[in-house]
1. What's the extension gain from A80 to S158 if we count 0.36 nm per residue and subtract their Cα-Cα distance?
2. Give me the extension gain from S172 to E248: residue separation times 0.36 nm, minus the current Cα-Cα distance, reported in nm with one decimal.
3. Could you state the angle between the C-alpha long axis of helix 201-210 and the longest principal axis of the C-alpha atoms of the chain, as a value from 0 to 90 degrees rounded to the nearest 10?
4. Calculate, for segment 199-271, the solvent-accessible area per residue in square angstrom, rolling a 1.4 angstrom probe over the heavy atoms of the protein chains.
5. I want to check the label-to-label distance for E256 and T57. Put each point 7 Å from Cα in the C-beta direction and report it in nm to one decimal.
6. Quick check on the chain: of the DSSP beta bridges with both residues there, what percent are antiparallel, nearest 5%?
7. Could you give the angle, 0 to 90 degrees to the nearest 10, between helix 7-19's Cα long axis and the longest principal axis of the Cα atoms of the chain?
8. So for D190, D64, what's the accessible-area order with a 1.4 Å probe, most first?
Amino acid sequence: MAVAANVSEIDHGRDILRDSRGVIVLTGAGLSVDSGLMTFRGSGGHWKKHRPEDLATPEAFHRDPRLVWEWYEERRRAAAKSRPNDAHRAIAEFALRRDDVVIATQNVDGLHTLAAREAVMGDKYSKQPRVSFTDGGDANRALPLELHGTFYNVRCTSCGLCREHRDLIDVSSKETLPHCDDCGSLMRPDVVWFGEPLGVVIERAFDCASRSDACLIVGTSAVVQPAANVAMVTHQAGGVIIEVNPNETLLTPMCEVSLRDTAAMAVPPLLTPDVDG
Ligand SMILES: [Zn+2]
């Protein structure tokens, strides 16, 4: 078990974030573990005989699209049933309260987007927004840069047409998989696979990182490149890195503050404003 993060470390991190001009929040799989989602490699059952590297590639999809879609559909359904946790909510509200926060995520589960929507519109239970916009703020500013794409978009393998797809996918045959409305070709998950470049969205993340006084990195071990370089860009531009991770990471030696705790435990006290304002 992780040791609860030190209170003075949390206070130090909170002071830095409060006083920073520009904050980029970079998140990874560890954030969604607290929502009950397995990490990429945690899928159980019959998937254990396949490595992610054998499924999340263009070659695997070309060889057996039905198998790859079956794997994604299982993970899509798990994600669709999951809920944002306290860390997702705290990050969304932090980004909504300020106008200088950008969220970038390696996750494809859509939970940042759901947390942002619920912060503005209320969740299905309360219907009460948690952040109001009397200052004329923009609700969209809590939407993340999705560095690795999203489970909820599909992309045509021929013409590149991209569209939202939230419905269940029948993975029983190649014919029942999603097909392009324009050209009829097979659609694939709109996610970044092994060996594929990240889209222009990574350039936006680097640009934000270079203009931020602080990078808050949550639930990623920073071994996935080039996404992990986002934190280094902030560091090299003179900003500080704050990490939340139960384990030491490659970035730890560069961090001003390292909180050894789960995201749901450490992030809310770090981002929630003082009661007295
Ligand atoms: Zn097409």
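The values are calculated or read from the model by the stated rules, or taken from the named source; none is laboratory data. On a predicted model such as this, the values are computed, not experimentally measured, just so you know. Here Cβ is always computed from backbone atoms with ideal geometry, including for glycine, and neighbour counts include all displayed protein chains. The area values use the complete protein model at the heavy-atom level, side chains included, leaving out ligands, DNA and RNA. Shrake-Rupley method; radii C 1.70, N 1.55, O 1.52, S 1.80 Å.
1. Numbers: separation 78, 0.36 × 78 = 28.08 nm, distance 2.75 nm.
Fully extending the segment from A80 to S158 adds 25.3 nm.
2. Values: separation 76, 0.36 × 76 = 27.36 nm, distance 4.22 nm.
Gain on stretching S172 to E248: 23.1 nm.
3. Taking Cα atoms only, the helix is inclined about 10 degrees.
4. 41
5. Output for this residue pair reads 4.2 nm.
6. Beta bridges within the chain, antiparallel portion: roughly 30 percent.
7. 80
8. Working: D190 30, D64 60 Å².
Per-residue accessible area, sorted high to low, gives D64, D190.
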